[in-house]
Amino acid sequence: MKRIYSKYKSILNLAIVIASLIVFNIVANKIFFRIDLSSDQIHSLSPKTKDLLVNLEDIISADVYLDGDFPAEIEKLKKALSEKLDEFKAFGGENFKVNFINLDEDPELAKEFKNQVFNDGLDYSDILISRDSKQEVVRIWPGIILRMGDQFKAVQLLQKGKFPISQVIINHFNDQLEYNLILGINNLLKPTTKKIKFLRGHGELDNADAWIIRDQLIKNYDVDTIRIKQLKVKYYNETIEISNNKYDSLIKNKIDSIFISERSIPVFDEFGNPNKNAKRYITKTFQNQEISKFLKDVSKISEDLDVLDETDLLLIAKPKTSFSEKELFIIDQYVMNGGKIIWMVDMLEVNESELVDTNITYARPLKHQLQQFLFKYGARFNVNMINDVRCAPITREDGLGRIPNWYFYPLLYLDKPSIYLNNVGPIKTRYVCSIDTVGDDNIKKTALLKSSAEFKILRQTSVNYQNLYNYNPRNFDIDLNNEAPVSAWLFEGVFKSNYENRAVSKDFKKFISNPIVNFKSKSKETKMIFIGDGDLIRNDFIKADNQIKPVLLSFESADYGTSEFFPRYGNEVFFLNIVDELLDRSELIPLRSKMNMPRLLNKEIFGQRNFWQLINIMIPLILVIVIGLINQYRRKKKYA
């Protein structure tokens, strides 16, 4: 009887275990659960992301093109993306669907499918994989197209171009998944109407120089360029017609590429279609050439007071030539009416191209004459350059390799990072100046970027590749009690007009006093950011696949083609953060800043790797042996 009871009891226990496993699996499929042991919950979706997904009213489908059989390194990307999408599905429920699509599944249709995906806004990446001293190239499409009804949004998850895979790039890919997906969903649900304008007309960075940051801003804002000195409508339309005709001529004559600013810009893509990414840049360049010609005729120019009225944020990046009095007045009144500006201004210019032949160049003062104008708002741009021990490398213009520590390229940060720098890499600058605060104490002034404690201030100086000793701050007495210079500030409050009690010509004073002008001496509550580096958002270019391509701001172009080519700088993230701050979209800042710093072991911990490897091997073995001995002891005692 005991045996029968014991037999049925065993069967019952087995049935309970099986039933429990079935119930557990059913519940697990319905409820997503993960324990995140990180201190700042970096592996978990943010509360706002969860709320957005739970409250989706329309069905959003994600077509994922990172699919297929890949080497182990790329499989890590695929797995991370799949897991992140599982989290999104868990909170989005029936309103968030995922489709994995292998573009190479049907060889006959592969080219057509890839062409369609490319036209929808995604691009491929060529990943270099090293195997047994050989290198193979694996082409992947690391992107998603989000669809809602007849609307769609392309989400690029990895840099375009050719580069080796590394753990840092894998980490960077993983870290940005939530932000990239949520940004795409947000743009589907509520397309932005905020307008950002890059100022033109004073030698500022052109569209190519700011290609990468424009590409990022366009994802979230309406981005364009603007001139305060504008052509009258009749002549402006004429420049559009001329530029379009020139572009059509390139297509008609099948011109493969065109040189603009000493860069080869491809007219056609790899599929033989007109390169849509380059079209706007090429036509805009043609138009700017025509505008420059027309602007020489004063009768064709207008300086309308309301030219900035529809601008939510004005970006002034690296102006080189002077502003007219009326241009400055229009900018001033734009601020008085609550307009927001990011000033990225160099005080000294260094022409590195002169180092090709002469091996020496000089820092020369720029003639934009903005120092006094910005001083009135409380920001004193000093005519100097900061040299810092904490600095970036440079590729020599004379072709003789690279210099690992170019002290003129300081890496700026803060001792206690603000929300704009939280988990963001150091900010690469070039020939940056210091900025002091002066004047009105009613303006809230927040330091954004500063040098390290090991710095040196230079004024008008020579710059050459041989004299590195004199540029290294450590070769001079460093007073560590000196406050490190600040090179970027956020000002918030009510600003006084530059033209309040300002000495101007009689004609201009008469112009200001005209009631039609509606002069304001004090601003509405607003914000401005002052940065002592015009190159903060300038991207470098590299030659890849016989094409000149822009480099992401987070990468160091001097390391291209090496294992060191990975995300290391925070310029892009920092700039997007301060743009979101000025345009009242600060909810994106903590999401974007999730673990942008490379997650690598520090040297001290890395030196202990053998110890921890031994622990990982021995502990499981010891546990198995101990459990076995305990089990054997219990059995002996039970049946003794």
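Looking at the chain alone, DSSP beta bridges between its own residues are antiparallel in about 70 percent of cases. For the stretch 292-394, the set of GluC sites (Glu not before Pro) satisfying both a DSSP loop assignment and a count of at most 11 other C-beta atoms within 10 Å is given as Glu310. For Glu349, the residues whose modelled amide H falls within less than 5 Å of its own, excluding neighbours fewer than 5 places apart on the same chain, are Arg364, Leu366.
Once the 1.4 Å probe is applied to the protein heavy atoms, the chain comes out at 53 Å² accessible per residue.
Residue farthest toward the positive end of the dipole of the stretch 246-318, with Cβ of Lys/Arg at +1 and Asp/Glu at -1: which of Ile255, Phe294, Val307? Among Ile255, Phe294, Val307, the one farthest towards the positive end of the dipole of the stretch 246-318 is Ile255. Amide hydrogen proximity for Ile260: with H placed 1.01 Å from N in the peptide plane, the residues at 5 or more positions away or on another chain lying under 5 Å are Ile265. Starting from a Cα-only point model with no solvent, please compute log10 I(q)/I(0) by Debye for the stretch 98-224 at q = 0.19, 0.20 1/Å. Debye output, listed in q order: -1.24, -1.30. The residues neighbouring Asn187, those whose beta-carbon lies less than 9 Å from its own, together hold a net charge of +3 under the Lys/Arg +1, Asp/Glu -1 convention. The overall shape of the stretch 174-226 is oblate: from the C-alpha gyration tensor, with semi-axes ordered a ≥ b ≥ c, the ratio a/c is 1.5 or greater and a/b is no larger than b/c. Over the stretch 387-473, the fraction of Cα-Cα pairs per 5 Å bin, rounded to whole percents and listed from the shortest bin up, is 3, 12, 21, 21, 17, 12, 8, 4, 2, 1, 0. Please identify the GluC sites (Glu not before Pro) of the stretch 485-525 that satisfy two criteria: DSSP loop assignment and at most 10 other Cβ atoms within 10 Å. Which are they? Hits after loop and neighbour filter: Glu525. Here the label points at Gln289 and Lys232, each 7 Å from Cα along the C-beta direction, are separated by 2.6 nm in the simple model. Amide H to amide H distances under 5 Å link Ala484 with no residue, where only residues 5 or more positions off or on other chains count and H is placed in the peptide plane. Less than 20 Å from a label point 7 Å out along the Cα-to-Cβ axis of Phe508: which backbone N atoms in the stretch 332-358 qualify, by residue? It comes to 332-337, nothing else. Taking 0.36 nm per residue of sequence separation and removing the Cα-Cα distance, the Val23/Asn518 pair yields an extension gain of 170.9 nm.
Among the trypsin sites (Lys or Arg not before Pro) in the stretch 356-415, those located in a DSSP loop and surrounded by at most 13 other Cβ atoms within 10 Å of their own Cβ are Lys367.
Running Debye on the stretch 54-156 with equal point scatterers at the Cα sites and no solvent, what base-10 log of I(q)/I(0) appears at q = 0.13, 0.19, 0.20, 0.23 Å⁻¹? After summing over all Cα pairs, the log10 values are -0.53, -1.01, -1.09, -1.29. Rounded if a/c is under 1.5, else prolate if a/b beats b/c, else oblate: with a ≥ b ≥ c from the C-alpha gyration tensor eigenvalues square-rooted, which is the stretch 152-311? Judged from the Cα gyration tensor, the stretch 152-311 comes out oblate (a/c at least 1.5, b/c at or above a/b). Using a probe radius of 1.4 angstrom, the carbon and sulfur fraction of the accessible surface of the chain is 52%.
Summary value for the chain: 12 percent relative contact order, contacts being C-alpha pairs under 8 angstrom separated by 6+ residues.
Ignoring lysines fewer than eight residues from Lys509 along the same chain, the ones with Cα atoms less than 17 angstrom from its Cα are Lys326, Lys520.
With a cut-off of 10 Å between beta carbons, the residues surrounding Asp357 carry a summed charge of -3, where Lys and Arg count +1 and Asp and Glu -1. A quarter of the convex hull surface defined by the alpha-carbon atoms of the chain gives 41.1 nm² as the mean projection. Local charge for Lys428 was computed over the other residues whose Cβ lies under 14 Å away, with Lys and Arg +1 and Asp and Glu -1, and equals -3.
The values are calculated or read from the model by the stated rules, or taken from the named source; none is laboratory data. Just so we're clear, the structure is a prediction, and the values are computed from it rather than from any experiment. Positions of Cβ are generated from backbone atoms using ideal geometry, with glycine treated the same way; all protein chains shown enter the neighbour counts. The area values use the complete protein model at the heavy-atom level, side chains included, leaving out ligands, DNA and RNA. Shrake-Rupley method; radii C 1.70, N 1.55, O 1.52, S 1.80 Å.
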